[in-house]
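The values are calculated or read from the model by the stated rules, or taken from the named source; none is laboratory data. Just so it is clear, the model here is predicted, and its values are computed rather than measured. Here the Cβ is made from the backbone with ideal geometry for all residues, glycine too, and neighbour counts use every protein chain on show. Areas reflect the complete protein model, heavy atoms only, side chains present, ligands, DNA and RNA absent. Shrake-Rupley method; radii C 1.70, N 1.55, O 1.52, S 1.80 Å.
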Amino acid sequence: ACQCLECSEWLRCCGGGEPRPRTVWLGHPEKRDQRYPRNVINNQKYNFFTFLPGVLFNQFKYFFNLYFLLLACSQFVPEMRLGALYTYWVPLGFVLAVTIIREAVEEIRCYTRDKEVNAQVYSRLTARGTVKVKSSSIQVGDLIIVEKRAPPLLSTGSCFLRTDQLDGETDWKLRLPVACTQRLPTAADLLQIRSYVYAEEPNIDIHNFVGTFTREDSDPPISESLSIENALWAGTVTASGTCPRRGIELRSVMNTSNPRSKIGLFDLEVNCLTKILFGALVVVSLVMVALQHFAGRWYLQILRFLLLFSNIIPISLRVNLDMGKIVYSWVIRRDSKIPGTVVRSSTIPEQLGRISYLLTDKTGTLTQNEMVFKRLHLGTVAYGLDSMDEVQSHIFSIYTQQPQDPPAQKGSAPTTKVRRTMSSRVHEAVKAIALCHNVTPVYESNGVTDQAEAEKHSLGSAHPLPPLLCPQVALVQWTESVGLTLVGRDQSSVQLRTPGDQILNFTILQLFPFTYESKRMGIIVRDESTGEITFYMKGADVVMAGIVQYNDWLEEECGNMAREGLRVLVVAKKSLAEEQYQDFEARYVQAKLSVHDRSLKVATVIESLEMEMELLCLTGVEDQLQADVRPTLETLRNAGIKVWMLTGDKLETATCTAKNAHLVTRNQDIHIFRLVTNRGEAHLELNAFRRKHDCALVISGDSLEVCLKYYEYEFMELACQCPAVVCCRCRGPVSRLSVLADLPVWSVRPAGDGGNDVSMIQESDCGVGVEGKEGKQASLAADFSITQFRHLGRLLMVHGRNSYKRSAALSQFVIHRSLCISAMQAVFSSVFYFASVPLYQGFLIIGYSTIYTMFPVFSLVLDKDVKSEVAMLYPELYKDLLKGRPLSYKTFLIWVLISIYQGSTIMYGALLLFESEFVHIVAISFTSLILTELLMVALTIQSWHWLMTVAELLSLACYIASLVFLHEFIDVYFIATLSFLWKVSVITLVSCLPLYVLKYLRRRFSPPSYSKLTS
């Protein structure tokens, strides 16, 4: 491990305490000035004592669960008891047991994962040497040595880290040690010095850190500023450092928001239907009492009827739907055509079948996030892939004309201004690109990772290690291809190799890393052969336009390259005199030592250099589309899903990508929303937009914010009518959330792959993460995770459609099953003078909704109307689901009428055909009811699965076998007679045959769209 002091935060944890700045003494946790939370991770919702109360509270805080609990409790009152206690408590207990077991399994998994992380062993530096400690025992102030997980910059104390789990970036970032600690002979000497770190209060910003390192026992005392370059966050790589924070004060924890518990539109629709059923229950009970003319203790009769007809609201509905969701999730994970798909939210698979708007990121989601260098533009001439050999010849000529000292020719500034040759201009541009970056070459040869040793073994076998942006690697690889190769880099120097194998050495004086706020990076280097100091800078055109000297081609050429779909970087330089640099360095060091407003002061000093810089060139890199993006977007468009693309690219680049990906069709008009800054301009532009019809919209993030601020409703109404929308310069999570927040509810499905997409995914109705090169944070936060964008088509067209249609059929059939027996109870009570006497008691009422009908009804989760190939070939089938027809008030009313008809037919038939005893009515009606349910399941099924047949036969066999034990309710000798058989057959035939005839006539004269494709 490296001997370096790093301000580090370890392990995502939980704890408590008010965030305050702190002074941390190195290696002396006992000197802490305040109490800190424990360094333990805890992702559990409950503990041992709160588990059962917590689970029960979460179940009974919902009205219908509480309703069934009150029903069961009411049976302890003698006046309200209608039968055996177990007829109410067993179903409720079964539902609660399933929920408790599921929650217990999830809690045990969480506990196991937490325990594994908390038990991870680390090396702590103490006066007795290195000792092993568990992560839960780490305290603020401990010196921790972490094992190497990535190639460090040996001999300098620097290391790399990756923040993919914080901001989604998988690139390696360089982190620097505190300089004075590098002069200590061994790591153990860190404990012998009197030093401390002052760290700012904990906050959520992972891109900034403000602190100071002070050594008191030196003469004079040494004080160094600490910034983000000296900090590495939880879960990062090689370091030995002090731990200034732990617990909930970690920035990784403070950046972790608890995702909301998502409930799909389907579940809300089912809840609405159950409320209607509850209203029907109350109405039926009141009608029954009213027909008794409210005689006697009528209020008690109302309660008894509420209990008697409680089957109207099926207690098994929630359990069936939850188990169905588990099956859908299992089927999605097992689909070999979308390998690697993970279902992280099993509560909303039906929502996949109801998507109207798809919000997608561009880089890494629609594209591969693999940059390829395409264009070098010098203002008067441009070089593409087909003319790179010219660039190579220019570089070769520069270093062969003056082989003795080629850099000297370039480094000496002539006293008179002469027009530079094309070769010198190309050389200056290529050299700037080769120097202005954060890329470090890492050599691996026969297991050797040391830079100097590997260079001896295999010259030129370097692999660039990108600390920030993928385009940087593409640029460095391009400079190598044209003759200027990056062969070495450390904290203080850069080495380039020329075409003649000569090594050019440059000293790094200052490095200004790229940030999303500044949108640029810079480096100040000294050419060791000439002593010339040069400030190189590259960045986005929007910021570089105000930094470079006046020119008449920058804006135009940036637009031209962006229209070709290229990502543009502007490269510039500025020569500095020695006195000018020394003055800048003094002011820069002073600004970095500031504790208050450090970032602002540092930025002000750097901006003093960023004036009148010489524009060298423009570079263009291309991010190629993923495989099958075009057919996938076309499938989604044909399915009625409107796609919105959110990107941080320029307007021209975003428009080109939209056309290239066929997000916008060739014959479709594009309306480019003009840049607006105030209410008046937004009003005029909205009026112009309103006159356009059937055109795609392209709008910048700034204009979008203005429109949402002043004309939120009007803008969203117009934008939602567009077949496609492209939001460019939409960089931050907040910008993307503002778009999401205003879209119609229950219709949005974002797709993204980076850390900036996480908030959008968590706040959506249904979020999908793509495991791309920006890390796994988006996929881990998503409800569904896929490996490629093209898998989204099958996820929606096949699995989303099937999940929604299956759950719709399952929910309505469970309701039908309950309404059928309730209709029979209503007829029975009406015939017997409105008496509140149950028709079926004991095991009959429990067995009806469990072993007798549960398996056939639940087998509907395997049903499908068309094959998956047909669903993918005709995405128009998905469009029908957007109207919610499989589960609507119309279909609900149809099932209610069917239930009333069948329940009444069975009950009246049994009353007409019964012989002498009441027990014969129970035998005939109950048997007819079971057979009717089994036949209705067969009528509902679209395509048979072998498990459906097994479920039907198994249920029938269970009922026949149980008749032997039901002599208390059914006359065993009577059911063996021919009279019983023909009466049951007639009643069942009358209740089911009309429905089979109606189904045949409907398919014959008004077939649904899917049946036309299967016939």
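For this structure, a couple of remarks:
- Contact map, region 488-513: residues that are over 27 Å from S397 (Cα atoms) paired with residues that are in a loop (DSSP other than H, G, I, E, B) and of a type in the set (A, V, I, L, M), Cβ distance under 8 Å, separation 6+ or inter-chain. Pairs shown: Q491/L176; P513/L468.
- Some residue of region 908-915 being free of Cβ contacts under 8 Å to residues at least 12 places away in the same chain and surrounded by 14 or more Cβ atoms within 10 Å (Cβ to Cβ): yes
- Wholly within region 901-1007, helices (runs of 4 or more DSSP H) carrying at least 2 residues that are modelled with pLDDT of 90 or more: 918-940, 946-962, 978-1005
- Helices (runs of 4 or more DSSP H) lying entirely in region 532-611 (those with 1 or more residues that are touching a Phe, Trp or Tyr at 6+ places or on another chain (Cβ under 9 Å) and aliphatic (A, V, I, L, M)): 598-607
- Close Cβ contacts (under 8 Å, 6 or more residues apart or on different chains) running from residues in region 882-897 that are closer than 17 Å to N271 by Cβ to residues that are open to solvent by 30 Å² or more (accessible area, probe 1.4 Å) and in a loop (DSSP other than H, G, I, E, B) comprise T891/R885.
- Residues in region 61-95 that are at pLDDT 80 or above, aromatic (F, W, Y) and open to solvent by 40 Å² or more (accessible area, probe 1.4 Å): 3 in all.
- Residue match in region 98-108 (condition: more than 30 Å from R38 (Cβ to Cβ) and either surrounded by 12 or more Cβ atoms within 10 Å (Cβ to Cβ) or in contact with a His (Cβ under 6 Å, 6 or more places away or on another chain) (or both)): yes
- Within region 782-794, the only residue that satisfies the criterion of being assigned to a helix (DSSP H, G or I) and either in contact with a strand residue (DSSP E or B) (Cβ under 6 Å, 6 or more places away or on another chain) or buried (at least 24 other Cβ atoms within 10 Å of the Cβ) (or both) is L792.
- Pairs, first on the phi < 0 side of the Ramachandran plot in region 607-636, second loosely packed, with under 14 Cβ neighbours inside 10 Å, C-beta under 7 Å, six or more apart: M613/Q549; E614/Q549; L615/Q549; L615/N551
- Close pairs (6 angstrom Cβ cut-off, 6 or more residues apart or separate chains): of a type in the set (G, A, S) in region 537-557, surrounded by 13 or more Cβ atoms within 10 Å (Cβ to Cβ) and assigned to a loop (DSSP other than H, G, I, E, B) anywhere: G539/K519; A540/K519
- Filter result for K879 (outside any loop (DSSP other than H, G, I, E, B), at pLDDT below 90 and out of contact with any Ser or Thr (no Cβ under 7 Å at 6 or more places or on another chain)): yes
- Residue count for region 501-556, restricted to those that are closer than 17 Å to L576 by Cβ, more than 43 Å from the chain's Cα centre (by Cα) and of a type in the set (A, V, I, L, M, F, W, C): 2
- Counting only helices (runs of 4 or more DSSP H) that sit completely within region 398-500, those holding 3 or more residues that are modelled with pLDDT under 50 correspond to 406-411, 451-457.
- Qualifying residue in region 616-626 (condition: open to solvent by 20 Å² or more (accessible area, probe 1.4 Å) and farther than 18 Å from G364 by Cβ): no
- Residue in region 162-170 that is of a type in the set (G, A, S) and at pLDDT below 75 present: yes
- Screening L615 on (1) in a loop (DSSP other than H, G, I, E, B); (2) within 26 Å of K374 (Cα to Cα) shows it passes everything except condition (1).
Residue-by-condition table, conditions (1) in a loop (DSSP other than H, G, I, E, B); (2) more than 31 Å from the chain's Cα centre (by Cα):
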site	(1), (2)
V55	no, no
L69	no, yes
A84	yes, yes
G93	no, yes
I100	no, no
D114	no, no
V131	no, yes
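- Every pair of residues 6+ apart whose Cβ atoms lie under 7 Å, when the first sits in region 338-351 and is more than 16 Å from E771 (Cβ to Cβ) while the second is part of a loop (DSSP other than H, G, I, E, B) and of a type in the set (D, E): S345/D783; I348/D783; Q351/D765
- Some residue of region 174-184 being aliphatic (A, V, I, L, M), over 23 Å from R35 (Cβ atoms), open to solvent by less than 50 Å² (accessible area, probe 1.4 Å) and assigned to a strand (DSSP E or B): yes
- The set of residues from region 501-512 being part of a loop (DSSP other than H, G, I, E, B) and either open to solvent by less than 50 Å² (accessible area, probe 1.4 Å) or touching a Gly at 6+ places or on another chain (Cβ under 9 Å) (or both) is empty.
- Close Cβ contacts (under 6 Å, 6 or more residues apart or on different chains) running from residues in region 116-132 that are under 27 Å from N42 (Cβ atoms) to residues that are part of a strand (DSSP E or B) and charged (D, E, K, R) comprise A119/K134; V121/K132; V131/R124.
Residue-wise test of (1) touching a residue at least 40 places away in the same chain (Cβ under 8 Å); (2) touching a Phe, Trp or Tyr at 6+ places or on another chain (Cβ under 7 Å); (3) closer than 16 Å to F914 by Cα.
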{"position": "L953", "(1), (2), (3)": "no, no, no"}
{"position": "F974", "(1), (2), (3)": "yes, yes, yes"}
{"position": "I987", "(1), (2), (3)": "yes, no, yes"}
{"position": "R1003", "(1), (2), (3)": "no, no, no"}
